[in-house]
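Following: one structure in structure tokens, then a few remarks.
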Amino acid sequence: MKIKQLFFFLFIISLAFTGTAQKPKAVINHTNGVQRPKLIVGMVVDQMRWDYLYRFNERYGNGGFKRLLNEGFSAENTYIPYVPTATACGHSSIYTGSVPAINGIIGNNWFDPLLKRDVYCTEDNGVVSVGSTSNAGKMSPKNLLTTTITDELRLATNFRSKVISVSLKDRGSILPGGHVANAAYWFDSSNGNWISSTHYIQQLPKWVNDFNAQKLVDKYFDKDWHTLYPITTYKQSTADDKPFEGKYKGEQAPVFPHLFKQFIGKDYELIKSSPYGNTFTLDLAKTAIKEENLGKNEVPDFLAVSLSSTDYIGHQFGPNSIEVEDTYLRLDKDLEDFFNYLDKTIGKGNYIFFLSADHGVTHAPGFTTENKLPGGGLAIRKYKTDLDSLLLKDFNVKKGISALQNNQVIFDLDIIKAANADYVKVKQSCIDYLNKQDAVLQAVDIKNISNATLPEEVKNRLINGYNAKRSGDIYVILKPGVYPSTSPGSGHAAWNPYDSHIPAVFMGWGVKPGKTNKRYYMTDIAPTLAALLHIQEPSGNIGTAITELIK
């Protein structure tokens, strides 16, 4: 009897030890005893509409998007709370928990009324390219006015946490990495290499030079682009070869297969608009984890990844194309491979992973017209020409409009003043003209938005997108489905759900699996991470934590 009791006791003890061994191993900050994960991985899939989680779901495998939804927590109704919905704004707002009105990133480009010139979101002539002789590295987060969640992690650990950021786009890497990242890397099409700037580092690490030396772009070009599956099985997409889809250089029609071999050693820019650009970016991300020993620190590290090829392909072909469907089926496989790599190197349950998007995309104008849907294309530049003519005729103001950009009219106040014209009347005259245009839902005085007859939700998005020192004077709200271009392909910028409804899914350490249909915003991602990590929110944060997902 005693022997049986002894075996039973040993069996219970072994179960206890087994259970303990399976629990996630958190990093312990020994200075205050706070438990944290080993690594945080943030992934922004450029131009990923929320519905892509489900639109292609039946063809996804079990280890990619499905794993993310099954093991993670999805805030199903997450929206962008400002306009315009652009790449730079989206990356900034995800990582700052803020909006353009506060963080200052009001577009990819904007016309600065004070500087009287066009400004690129991450331009910085005070730094030098690292890894290239081109100007592609003359970039930094100088124009970002607030801290990021990555900055706050570095501050919370007295700069012991390591932050690395990667993206084909400079803005997709720099803005998430923040002001004090250890390094941010982006792709230079002039030499086919990953580069950085002296804002971060003085020379590329050996591992980045070794990675560049592999010339993986040429290896991906050698594969060409064939569909993963028989083209007739792509039931969620329109037929191949549509006049509203863009063509690659040298193509007679926008149809599969897309032949990339001809670009080997020549046109490195093309990797961005192929699905291999995502794989290529994740190749670098995995190498960074290994070579920078991310997740091996005594405090948490952060890897920010932005996948840009989804945006280039979406712009070129539109969201209903076979190219977009095939891209997401390939991305699903890339995600599975990436998750497996994280499990192997960091340990399942030892990292936080989140996936979101910087914006969505509208239907291609040609698709909208073909299917008798509301909307279509608009040659919005005509408005500036007409407004210039109007001001010259009625007010004797010559070239009084500096720019019509990001759906905003920006006046040259000096020219209007020199012509002794009444600015208030000039502005109202332009608003009256714009409101008569068929594609315009409403043109509003941004500085007097409280008096506009608009739903509060739309008003708030205009207010959140308005920065007093960088924004324009009039905002032009287009009718639903209208995209301000008549070129093949499509784009984004509007407040409407097709551009503003994005995924927000968390998985891993400290995350309780599940879903919520409660309304959340892009700005809630950073404070959620701050709550999980027990660190300060970014300096311009206006979001709130998604408490339902926290264990």
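The values are calculated or read from the model by the stated rules, or taken from the named source; none is laboratory data. The shown structure was predicted, so the numbers you read here are calculated from the model rather than taken from an experiment. For neighbour counting, all protein chains shown are included, and Cβ atoms are generated from backbone atoms with ideal geometry for every residue, glycine included.
Per-structure values
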item	result
Residue count for region 479-494, restricted to those that are crowded, with 24+ Cβ neighbours inside 10 Å and either of a type in the set (A, V, I, L, M, F, W, C) or assigned to a strand (DSSP E or B) (or both)	2
Flag if Thr238 is more than 21 Å from Gly489 (Cα to Cα) and either assigned to a loop (DSSP other than H, G, I, E, B) or among the polar types (S, T, N, Q) (or both)	no
Candidates Ile474, Ile446, Ile502, Ile525, filtered to the one that is in contact with an Asp or Glu (Cβ under 8 Å, 6 or more places away or on another chain), touching a residue at least 60 places away in the same chain (Cβ under 8 Å) and more than 30 Å from Glu245 (Cα to Cα)	Ile474
Inter-residue pairs, beta-carbon under 8 Å, first surrounded by fewer than 24 Cβ atoms within 10 Å (Cβ to Cβ) and in region 93-105, second aliphatic (A, V, I, L, M) and modelled with pLDDT of 95 or more, 6+ apart	Ala101/Ile463; Ile102/Leu145; Ile102/Ile542; Gly104/Leu144; Gly104/Leu145
Residue among Ser140, Ser197, Ser189, Ser167 that alone is within 24 Å of Gln47 (Cα to Cα), in contact (Cβ under 8 Å) with a residue 12 or more places away in the chain and buried (at least 24 other Cβ atoms within 10 Å of the Cβ)	Ser167
Residue among Asp283, Asp224 that alone is touching a Leu at 6+ places or on another chain (Cβ under 8 Å), in the same structural domain as Ser308 (by TED's automatic domain parsing), surrounded by fewer than 17 Cβ atoms within 10 Å (Cβ to Cβ) and of a type in the set (Asp, Glu)	Asp224
Complete set of residues in region 501-541 that are of a type outside the set (A, V, I, L, M, F, W, C), in a strand (DSSP E or B) and out of contact with any Leu (no Cβ under 9 Å at 6 or more places or on another chain)	His501, Asn517, Lys518, Arg519, Tyr520, Tyr521
Odd one out for Thr78 among (1) surrounded by 24 or more Cβ atoms within 10 Å (Cβ to Cβ); (2) farther than 23 Å from Phe506 by Cα	(2)
Exclusive hit being at pLDDT 95 or above, part of a strand (DSSP E or B) and either under 21 Å from Glu291 (Cα atoms) or touching a helix residue (DSSP H, G or I) at 6+ places or on another chain (Cβ under 7 Å) (or both), set Trp207, Trp186	Trp186
Residue count, region 150-203 (criterion: closer than 22 Å to Thr528 by Cβ, more than 16 Å from the chain's Cα centre (by Cα) and of a type in the set (A, V, I, L, M, F, W, C))	7
Helices (runs of 4 or more DSSP H) within region 290-381 that include 3 or more residues in contact with a strand residue (DSSP E or B) (Cβ under 9 Å, 6 or more places away or on another chain)	322-342, 365-370
Scan of region 443-464 for residues that are in contact with a strand residue (DSSP E or B) (Cβ under 6 Å, 6 or more places away or on another chain) and either part of a helix (DSSP H, G or I) or modelled with pLDDT of 95 or more (or both), ordered by number	Ala443, Val444, Ile446, Leu462
Of all residues in region 112-125 being modelled with pLDDT of 95 or more and surrounded by 11 or more Cβ atoms within 10 Å (Cβ to Cβ), the one that is farthest from Pro141 (Cα to Cα)	Asp118
Residues of region 421-430 satisfying the condition of being crowded, with 17+ Cβ neighbours inside 10 Å and either touching a strand residue (DSSP E or B) at 6+ places or on another chain (Cβ under 9 Å) or among the β-branched types (Val, Ile, Thr) (or both)	Val426, Lys427, Cys430
Condition check for Ala526: assigned by TED's automatic domain parsing to the domain that holds Gly178 and crowded, with 23+ Cβ neighbours inside 10 Å	yes
Positions within region 526-549 being under 21 Å from Asn103 (Cα atoms) and touching a Pro at 6+ places or on another chain (Cβ under 7 Å), in sequence order	Ala526, Glu537, Asn541, Gly543, Thr544, Ala545
So Thr544, is it touching an Asp or Glu at 6+ places or on another chain (Cβ under 8 Å), surrounded by fewer than 23 Cβ atoms within 10 Å (Cβ to Cβ) and assigned to a strand (DSSP E or B)	no
Candidates Ile264, Ile231 - the one that is hydrophobic (A, V, I, L, M, F, W, C), in contact (Cβ under 8 Å) with a residue 60 or more places away in the chain and farther than 15 Å from Thr279 by Cβ	Ile231
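The rows are residues; the columns are (1) farther than 29 Å from Arg160 by Cβ; (2) surrounded by fewer than 24 Cβ atoms within 10 Å (Cβ to Cβ); (3) in the same structural domain as Glu58 (by TED's automatic domain parsing).
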residue	(1), (2), (3)
Phe302	no, no, yes
Gly314	yes, no, yes
Phe317	yes, no, yes
Ile322	yes, yes, yes
Asp337	yes, yes, yes
Asp343	no, yes, yes
Ala357	yes, no, yes
Val361	yes, no, yes
